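*Asks:* Just passing along the structure, written as structure tokens.
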Amino acid sequence: MKMRVDYAGLLPSPCRLWTTVDVGGSSAVEIQHLKHLVAASESASFAKAAKKCFTSRQNIAHSIKVLENKLGTVLFERRGNEMVLTPDGEEAASAAREIVEQVENFDVMFAQSVMPDDMLTLAVSANLFAGIPSSTDEFIHSYSDKLRIRECDCEKCYELVLAERVDLAIVMCMKREFPECDVREIASSRSYAVVNTCSPLAQRDQLSMVDFKGQELLLMSKPPFQYKPLFSQMKDLGFEKGEVNVITSTSSMVHMVRRYDVMGLVSKKFAIDPPKDICAIPVEDPRLDWHFYALFRMDVRKFAAISKFVKGVRSTFESDSNYVSAMRTAVDDADA
């Protein structure tokens, strides 16, 4: 028989929203416990949830145990290599998610007025500001007196983080892994191909990788680091390396697409309002979607500043319907 659990007790009073939630007993459940529950429910793995929350697997397991003890029911059960929510766990996770969303919305309201204590060095990929929401651009600008920003290609950003020459990097690239680096996947967005309006492809509703055959491509950084899935597909289809050109800016791409029979790859932000004589067409293959990652090496001294900044960046993506917030981190662990 299914146990009935009163989840209404999870809902906090507004004045205590960001601190604790009373669910009975001698102590209170912390908001952090609920965040851990939400992350675990979305990851099907305590280890993956730990990466997402910048904590340890043991802390995730402890939070789940605290909640199970308070509610008097089991929230997860193991199925193979995954931790799966029980029916009671589904209800608890839904209630917890509502509370966490309220807390994060509260945080966003004041994110720009609460600066980190440490100065951070930030590397950004060369095409990042052309692909992020305006709210993200404004958020980064609000930290200008606490940031030293360096712009370079995606691979260089990764190398700078590994060498500990920057505290973190925010990059835009197609899906990939970043070995020996702590990674937080922030969001993803569809990829678009841009062509001249006179091109036969301009009449298409969407394009597949096959449509790239014979097209001269314009890319924003040296291949193939930023475009790994694209180059894998090109190799399978027998594309020639000579069909790819690296350009230095979006304005260069627009100029060449207008004058020559070439194709560029852009973000949805660019595609919403393309320049005159340019047509942006969605690419149907999700393997070519853009992904936004935060890269860093765990620095205990600056951990709070890095965590707060990354959380603020993620919140700005979540408020824009043109982007899909990442539900899991880019780093996969074998153990649950």
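The values are calculated or read from the model by the stated rules, or taken from the named source; none is laboratory data. Just so it is clear, the model here is predicted, and its values are computed rather than measured. Cβ placement follows ideal geometry from the backbone for every residue including glycine, while neighbour counts extend to all protein chains displayed.
*Asks:* Condition first: hydroxyl-bearing (Ser, Thr, Tyr) and either surrounded by 13 or more Cβ atoms within 10 Å (Cβ to Cβ) or touching a strand residue (DSSP E or B) at 6+ places or on another chain (Cβ under 9 Å) (or both). Now tell me which residues in segment 248-263 satisfy that.
*Replies:* Across segment 248-263, the qualifying residues are 250, 252, 260.
*Asks:* Take the residues in segment 264-289 that are under 25 Å from residue 224 (Cα atoms) and among the aliphatic types (A, V, I, L, M); name whichever of them is surrounded by the most Cβ atoms within 10 Å (Cβ to Cβ).
*Replies:* Here the residue is 266.
*Asks:* Based on this model, can you work out whether residue 218 counts as out of contact with any helix residue (DSSP H, G or I) (no Cβ under 6 Å at 6 or more places or on another chain), buried (at least 18 other Cβ atoms within 10 Å of the Cβ), within 30 Å of residue 276 (Cα to Cα) and not polar (S, T, N, Q)?
*Replies:* No, not satisfied.
*Asks:* Scan segment 199-207 and tell me whether some residue there is under 22 Å from the mean Cα position of the chain (by Cα) and of a type in the set (Gly, Ala, Ser).
*Replies:* No, the conditions are met nowhere in segment 199-207.
*Asks:* Kindly indicate whether residue 305 is farther than 21 Å from residue 133 by Cα, in the same structural domain as residue 164 (by TED's automatic domain parsing) and buried (at least 19 other Cβ atoms within 10 Å of the Cβ).
*Replies:* yes
*Asks:* Next question, about the same structure. Can you pull out every residue in segment 32-66 that is surrounded by fewer than 23 Cβ atoms within 10 Å (Cβ to Cβ) and among the charged types (D, E, K, R)?
*Replies:* Within segment 32-66, 35, 42, 57, 65 qualify.
Rundown of residues vs (1) under 20 Å from the mean Cα position of the chain (by Cα); (2) more than 22 Å from residue 288 (Cα to Cα), yes/no style:
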position: 123; (1), (2): yes, yes
position: 143; (1), (2): yes, yes
position: 147; (1), (2): no, yes
position: 167; (1), (2): yes, yes
position: 189; (1), (2): yes, no
position: 192; (1), (2): yes, no
